[in-house]
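In what follows, a structure is listed as structure tokens, so that the remarks can point back to it.
The values are calculated or read from the model by the stated rules, or taken from the named source; none is laboratory data. None of these values were measured; they are calculated from a predicted model. Here the Cβ positions follow ideal geometry from the backbone for every residue, glycine too, while neighbour counts run over all protein chains shown. Please note that ligands, DNA and RNA were not included when accessible areas were found on the heavy atoms of the full protein model with its side chains. Shrake-Rupley method; radii C 1.70, N 1.55, O 1.52, S 1.80 Å.
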Amino acid sequence: MRHKSKVLGEQRRDLILRTLQEANHPVTGGELGDLTNVSRQVIVSDINLLKAKNEPIMATNQGYLYTRANERVRAIEKIIVCKHAPEQTAEELNILVDHGVTVKDVRVEHPVYGDVRASIMVSNRQEVKAFIEQIEQAQATYLLNLDDSGIHLHAISAPKQEQLHDAEEALKKAGFLVE
């Protein structure tokens, strides 16, 4: 329900929070801006204020997600170390999601900034395709390019330990897993 006039302050943040809690998919800053009749920049500030109040909101390349505590408990998480060329990113991500794994983020060690992390949040081939298309359309650089070695880490999760194990074995077979 779009508001005709600008929704102000705390009322807007309450509406954003309710919208994210009720959504079963990521909601973009633009959609939230349209809903509340404010700019995307105002939404970004509101999201930061909500995060400061310990609301479990995650920014992904597809929009904002409200992460429910019970969803986090069910998944088994792990950090893996990978190495490949940028043009092999889709192959790497598809190997993971094909095993029922969610790729939460990518991390690299930068010589000046230290650990640099970006949310990915892909769990199926359609989301991988959309992520790759978004990188290409923006002509953005993959984070793995920040390290000359191509070494990067991923936080991954799956409902079962076997899925993580099988995904790692497939990455090892493809030559992407660093042990």
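Within the range 23-51, work out how many residues are modelled with pLDDT under 90 and open to solvent by 80 Å² or more (accessible area, probe 1.4 Å).
So the answer is 6.
Quick one: which of 130, 140, 167 is out of contact with any Pro (no Cβ under 7 Å at 6 or more places or on another chain) and either at positive phi or free of Cβ contacts under 8 Å to residues at least 12 places away in the same chain (or both)?
Values: 130 fails: either at positive phi or free of Cβ contacts under 8 Å to residues at least 12 places away in the same chain (or both); 167 fails: either at positive phi or free of Cβ contacts under 8 Å to residues at least 12 places away in the same chain (or both).
Among 130, 140, 167, only 140 is out of contact with any Pro (no Cβ under 7 Å at 6 or more places or on another chain) and either at positive phi or free of Cβ contacts under 8 Å to residues at least 12 places away in the same chain (or both).
Among the hydrophobic types (A, V, I, L, M, F, W, C), crowded, with 19+ Cβ neighbours inside 10 Å, modelled with pLDDT of 90 or more and not in a strand (DSSP E or B): is that true of residue 144 in this structure?
Numbers: among the hydrophobic types (A, V, I, L, M, F, W, C): yes; crowded, with 19+ Cβ neighbours inside 10 Å: yes; modelled with pLDDT of 90 or more: no; not in a strand (DSSP E or B): yes.
No; evaluated as a whole, the condition is false for this residue.
When the range 147-179 is examined, which residues are found to be assigned to a strand (DSSP E or B) and crowded, with 16+ Cβ neighbours inside 10 Å? It would help to see each step written out before you state the result.
Residues of the range 147-179 assigned to a strand (DSSP E or B): 151-158, 177.
Correct list: 152, 153, 154, 155, 156, 157, 158, 177.
Please name all residue pairs, on different chains or six or more residues apart, with Cβ atoms under 6 Å, provided the first residue is in the range 49-67 and is over 19 Å from residue 117 (Cβ atoms) and the second residue is assigned to a strand (DSSP E or B).
Correct list of pairs: 50/57; 66/57.
All but one of (1) assigned to a helix (DSSP H, G or I); (2) open to solvent by less than 20 Å² (accessible area, probe 1.4 Å); (3) under 24 Å from residue 63 (Cα atoms) hold for residue 126; which doesn't?
(2)
Which of the residues spanning the range 64-115 are in contact with a strand residue (DSSP E or B) (Cβ under 9 Å, 6 or more places away or on another chain), modelled with pLDDT under 85 and open to solvent by less than 40 Å² (accessible area, probe 1.4 Å)?
Correct list: 67, 75, 110.
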